[in-house]
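Undergrad: Structure incoming, see below.
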Amino acid sequence: IVQAYGISVGLESGNGIVSDPGLFFRISAVITLVGGTMFLMWLGEQVTARGVGNGISLIIFAGIVAVLPSTIARLLGLAQQGQMSAFALLFIAILAVATVVFIVFMERAQRRLLIQYPKRQEGNRMAGGERSFLPLKVNTAGVIPPIFASSLLMLPTTVATMTANADLPSWMSWLPLVTAQLTHGQPLFMALYAALIIFFCFFYTSITFNPEDTAENLRKYGGFLPGIRPGKRTAEYLDYVLTRLTVIGAAYITAVCLLPEFIVSQFGNSLYFGGTSILIVVSVTMDTVAQIQSQLLAHQYEGLIKKSKLRGRAR
């Protein structure tokens, strides 16, 4: 609601954008924007319930991919006009491909912890003694940290838009200068962006993965990590490994998200395509492909089971 009000005030401040500015326009703009957002959330839930993949992520994915052709056309236009050299264009293309490959590698990277199950006597034979792995992803938090960080950094811009035409007192004369530094490509924006991403990486990982619960579940089912006592020691070891993995994951997400900011500082906002957008596009694509493959595999097994049942009845 606050952001929608800031957008309505920003539209009113534009030259000739709003024909009848005033309180009625602001109220109708806030209702329209908030209602549209809630409809998209409902639509995303319906896609999740009846389709393949996360519906809200797919909607965000579609919105990002729709901007790609215009971004590529803008790059080619700058090269044709001589505002960008062919070497710079080639460098950006190679950098984009390398970034996608790096994201795929890091999203699939995981640390596998060996879990041993003890042998037990069942009648006249020995059972158990299996080995399995507990996979811990390098990027446990996913794309949530950059989304939260960018959302928080949008608040100062919204406040600046709302107070653009207001007469600020003398003690608030610093506000326009600070908000000007909180735009894409500015050093203050990049520093706060990196700090918030790192914070939310650790915060979200601590919420989604609980080492104590995992250690307790392993103990209940008789599993243990070789060389580590079940219970508290296992939880401490899991927390130690997860903290080290989160450091690597936070550094990876920060590097991917800050890379476009450095490009913006060199070439301007016309070339902006956020690191969050790249992460969402690659992650959603990988997740959707994996879910489609699992659905196809399930259909194959279902067909085999039906055939075996029919043969059994015929016999």
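Undergrad: Looking at region 166-194, I want the residues that are open to solvent by less than 60 Å² (accessible area, probe 1.4 Å) and among the β-branched types (Val, Ile, Thr) and have a partner that is modelled with pLDDT under 70 and assigned to a helix (DSSP H, G or I) with Cβ atoms under 6 Å, at least 6 apart or on another chain. Which pairs are those?
TA: These pairs meet every condition: Thr179/Ala160.
Residue-by-condition table, conditions (1) of a type in the set (Gly, Ala, Ser); (2) at pLDDT below 75; (3) surrounded by 13 or more Cβ atoms within 10 Å (Cβ to Cβ):
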site: Ile115; (1), (2), (3): no, no, yes
site: Gly123; (1), (2), (3): yes, yes, no
site: Ser132; (1), (2), (3): yes, no, no
site: Ser151; (1), (2), (3): yes, no, no
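Undergrad: Condition first: closer than 16 Å to Thr288 by Cα, open to solvent by 50 Å² or more (accessible area, probe 1.4 Å) and among the charged types (D, E, K, R). Can you find one or more residues in region 50-62 that meet it?
TA: yes
Undergrad: Restrict the check to region 84-91 and report whether at least one residue is surrounded by 14 or more Cβ atoms within 10 Å (Cβ to Cβ) and not aliphatic (A, V, I, L, M).
TA: The answer is no; no qualifying residue exists.
Undergrad: Please name all residue pairs, on different chains or six or more residues apart, with Cβ atoms under 9 Å, provided the first residue is in region 238-257 and is more than 15 Å from Gly142 (Cβ to Cβ) and the second residue is open to solvent by less than 20 Å² (accessible area, probe 1.4 Å) and of a type in the set (S, T, N, Q).
TA: Thr243/Thr205
Undergrad: Applying the selection to region 1-54, what residues are out of contact with any helix residue (DSSP H, G or I) (no Cβ under 8 Å at 6 or more places or on another chain) and either aromatic (Phe, Trp, Tyr) or within 16 Å of Val159 (Cβ to Cβ) (or both)?
TA: Phe24, Phe39, Trp42
Undergrad: Among the numbered criteria (1) in a helix (DSSP H, G or I); (2) surrounded by fewer than 19 Cβ atoms within 10 Å (Cβ to Cβ); (3) of a type in the set (A, V, I, L, M, F, W, C), which one does Ile228 miss?
TA: (1)
Undergrad: Residue check: is Gly36 assigned to a helix (DSSP H, G or I) and in contact (Cβ under 8 Å) with a residue 60 or more places away in the chain?
TA: Against the criterion (assigned to a helix (DSSP H, G or I) and in contact (Cβ under 8 Å) with a residue 60 or more places away in the chain), Gly36 does not qualify.
The values are calculated or read from the model by the stated rules, or taken from the named source; none is laboratory data. Please read all numbers here as calculations on a predicted model, not as lab measurements. Virtual Cβ from ideal backbone geometry, glycine too; neighbours counted across all protein chains shown. The protein model used for the area step is the full one, side chains on, heavy atoms only, and it has no ligands, DNA or RNA in it. Shrake-Rupley method; radii C 1.70, N 1.55, O 1.52, S 1.80 Å.
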